[in-house]
Amino acid sequence: MTRKVLILDTSVLCCWLRIPGKETAGPIEDRWDYERIDQLLTLERDNGSTFVLPIASLIETGNHIAQSSGNRYNLATSLSEHLANAADAASPWAAFTDQSALWDKTSLIELAETWPDLAAGGMSIGDATIKHVAEHYASAGIAVEILTGDEGLKAYEPVHPIPTPRRRG
């Protein structure tokens with residue numbers, strides 16, 4: 001059975017948490033809302049998928065909560081529960097520390113070298129780090145899906161070839 005991780009982008013996380021003004025994301029033909037996200041995450045959790053909370057999504061979503069017209073305390077509590085679960089690696093969340101290698105000197109230098117070209121194409125530094133999180137898991141042979149309403153970020157989702165069946169000899 002192939003392992004799978006779902007990386008939650010800010011746009012989807014905001015919809016899932018029901019942050020006022022951020023309840024939907026994505027183009028009309030591929031609209032994300034609470035119901036779609038919640039159904040998908042329930043199905044994926046039941047199928048053994050792991051959820052990943054990138055630090056960029058955490059920070060950006062926290063900023064949206066702090067600027068929200070809604071009940072900021074309740075919204076912050078909901079996000080904090082997901083953060084605590086990621087910190088504890090409580091199923092279905094991946095350990096938050098799994099991303100620590102992406103913040104070492106070598107990785108930060110790589111980000112510094114690659115981001116200007118990505119920024120020239122319109123990618124934020126937050127999305128660039130989410131792209132790196134996706135590549136990190138994909139390099140370990142794990143199927144990766146970026147849950148996002150941003151078609152530009154979705155285009156950077158790692159593609160895996162279908163494994164070749166082994167011959168029985």
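The values are calculated or read from the model by the stated rules, or taken from the named source; none is laboratory data. Not measured: the values here are computed from a predicted model. Protein only, heavy atoms only, side chains kept; ligands, DNA and RNA dropped before computing areas. Shrake-Rupley method; radii C 1.70, N 1.55, O 1.52, S 1.80 Å.
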√(5λ) per eigenvalue of the Cα gyration tensor, the range 81-146, largest first, Å: 24, 13, 12
Under-5 Å amide H pairs with Ile7, H placed in peptide plane, nonlocal only: Val52, Glu145, Ile146, Leu147
Accessible area of Leu79 in the full protein assembly, 1.4 Å probe (Å², nearest 10): 10
Karplus 3J(HN,Hα) series, Hz, for the range 48-56 with 6.51 cos²θ - 1.76 cosθ + 1.60 (x for Gly, Pro): x, 5, 10, 9, 10, 9, x, 4, 4
Nearby lysines by direct alpha-carbon distance to Lys154 (threshold 26 angstrom, same-chain neighbours under 8 apart not counted): Lys4, Lys22, Lys131
Identified option (computed P(r) over Cα pairs in 5 Å bins from 0, in percent; candidates (1) 1, 8, 16, 20, 22, 16, 10, 4, 2, 1, 0, 0, 0; (2) 2, 10, 19, 24, 21, 14, 7, 2, 0, 0; (3) 1, 7, 12, 15, 16, 16, 12, 7, 5, 4, 3, 2, 0, 0): (1)
Relative contact order %, the range 1-154, counting alpha carbon pairs below 8 Å whose residues are six or more apart: 35
Whole-percent carbon and sulfur share, accessible surface of the chain, 1.4 Å: 53
